[in-house]
Amino acid sequence: MTSIAIVTGASSGLGAEVVRQLDAGAFGRLDQIWAVARSTERLQALADTCTTPVRTFALDLTDRSSFDVLEQALAEQPAARVVLLVNNAGFGTFGAFCDQPAGAAADMVRLLILAPVELTYRTLPYMQGGSRILNVASVASFVPQPGLATYSAAKRFVLDFSRALNEELGPVDIHVTALCPKFMHTGFLDHAVADDVAVGMSRLTGFEEVGRVARRGLAAARDGRALCIPSADMRAFYAASKLLPYPLVARLEQAFLSTVHQ
Ligand SMILES: NC(=O)c1ccc[n+]([C@@H]2O[C@H](COP(=O)([O-])OP(=O)(O)OC[C@H]3O[C@@H](n4cnc5c(N)ncnc54)[C@H](OP(=O)(O)O)[C@@H]3O)[C@@H](O)[C@H]2O)c1
């Protein structure tokens, strides 16, 4: 058997940190780590730092043919067993929906929704009891977010999809974890447009440390937990979001953001 962990969005930020922690043994002994992202150079630079064999896949996950490449690679790998799939690749653009760059919203839907669905479907035949799926959602998934409408709705999909799938697959001991970080200092904010909205939101939630998020997420996946919200204040926000009516939450958020922008 060849035990494999597949990590998407592995070329930077949280995905690269997950690869480093896997290489350090966070998920036990792995025969291979498959690192997926578009940037060949950054993937190779990361692979060069690892002692576990890292196979790099320079793929654009908004392109459907990328999933054929990964599925084919699994089919060709003798006795492949996917012990961990981390659906992490993502980006988010902030600001009014009408002001989004052309194609950004549709690409977010492709990358944040379709890619985890496709990859999960195509890797499941290579999983067995004990395998785990870690889907990176966000605290933005807890309530609909004006100024982040497509991103927050897409991450809500990730949250709900993960939790439902965890119930379906739990009886065969395959567990799915939705990881909900708040802001982290990664490439994410470099790609986010409408910086004032992003800055306002980050002042509302604060930042957390990427290494800690990766550690918490991997531990939750190992333990087969359905939901991982690493920061305590966001766990409280999640609980409140289920109790308070949405119009009230939205008004409170808007009121806070308008004070930040003054
Ligand atoms: N940072 C935050 O504040 C924050 C908060 C909550 C949730 N998240 C989520 O955390 C996850 C990781 O983001 P990050 O914070 O680590 O940001 P990041 O440093 O920008 O990393 C994003 C990763 O996704 C890859 N990626 C982007 N578009 C892709 C595409 N079309 N095909 C394949 N790979 C693609 C990037 O690699 P290439 O550019 O090389 O393709 C990169 O490896 C995302 O799902 C994000 O939504 C981030």
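The values are calculated or read from the model by the stated rules, or taken from the named source; none is laboratory data. Note that the structure is a prediction, hence the values are computed from the model and not measured. A quick note on method: Cβ atoms are made from the backbone with ideal geometry, for glycine too, and the neighbour counts reach across all protein chains shown.
Worth pointing out:
- Filtering the range 194-224 to residues that are surrounded by 16 or more Cβ atoms within 10 Å (Cβ to Cβ) and among the basic types (Lys, Arg) leaves ARG215, ARG216, ARG222.
- Residue in the range 232-240 that is in contact with a Lys or Arg (Cβ under 6 Å, 6 or more places away or on another chain) and not hydrophobic (A, V, I, L, M, F, W, C) present: no
- Test: LEU189 is surrounded by fewer than 19 Cβ atoms within 10 Å (Cβ to Cβ), in a helix (DSSP H, G or I) and of a type outside the set (Gly, Ala, Ser): yes
- Applying the condition of being touching a residue at least 24 places away in the same chain (Cβ under 8 Å) and basic (Lys, Arg) to the range 47-91 and asking which residue is surrounded by the fewest Cβ atoms within 10 Å (Cβ to Cβ) yields ARG64.
- Within the range 225-255, being surrounded by 13 or more Cβ atoms within 10 Å (Cβ to Cβ), among the hydroxyl-bearing types (Ser, Thr, Tyr) and more than 14 Å from the ligand (Cβ to nearest atom) holds for one residue alone: SER241.
- Residue match in the range 218-232 (condition: at pLDDT 95 or above and among the polar types (S, T, N, Q)): yes
- Identity of the residue in the range 7-44, assigned to a strand (DSSP E or B) and surrounded by fewer than 17 Cβ atoms within 10 Å (Cβ to Cβ), that ends up nearest to the ligand (Cβ to nearest atom): GLN32
- Check on ALA105, surrounded by fewer than 21 Cβ atoms within 10 Å (Cβ to Cβ), small (Gly, Ala, Ser), more than 28 Å from ALA236 (Cα to Cα) and touching a residue at least 40 places away in the same chain (Cβ under 8 Å): yes
- All conditions but one from (1) at pLDDT 95 or above; (2) of a type outside the set (Ser, Thr, Tyr); (3) buried (at least 21 other Cβ atoms within 10 Å of the Cβ) apply to PHE94; the one that does not is (1).
- Residue ID - farthest from the ligand (Cβ to nearest atom), chosen from residues in the range 45-63 that are among the β-branched types (Val, Ile, Thr) and part of a loop (DSSP other than H, G, I, E, B): THR51
Yes or no, residue by residue, for (1) among the acidic types (Asp, Glu); (2) more than 17 Å from GLU253 (Cα to Cα):
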| site | (1), (2) |
| --- | --- |
| PRO146 | no, no |
| SER152 | no, no |
| ARG156 | no, yes |
| ARG163 | no, yes |
| GLU167 | yes, yes |
| ASP173 | yes, yes |
| VAL176 | no, yes |
| HIS185 | no, yes |
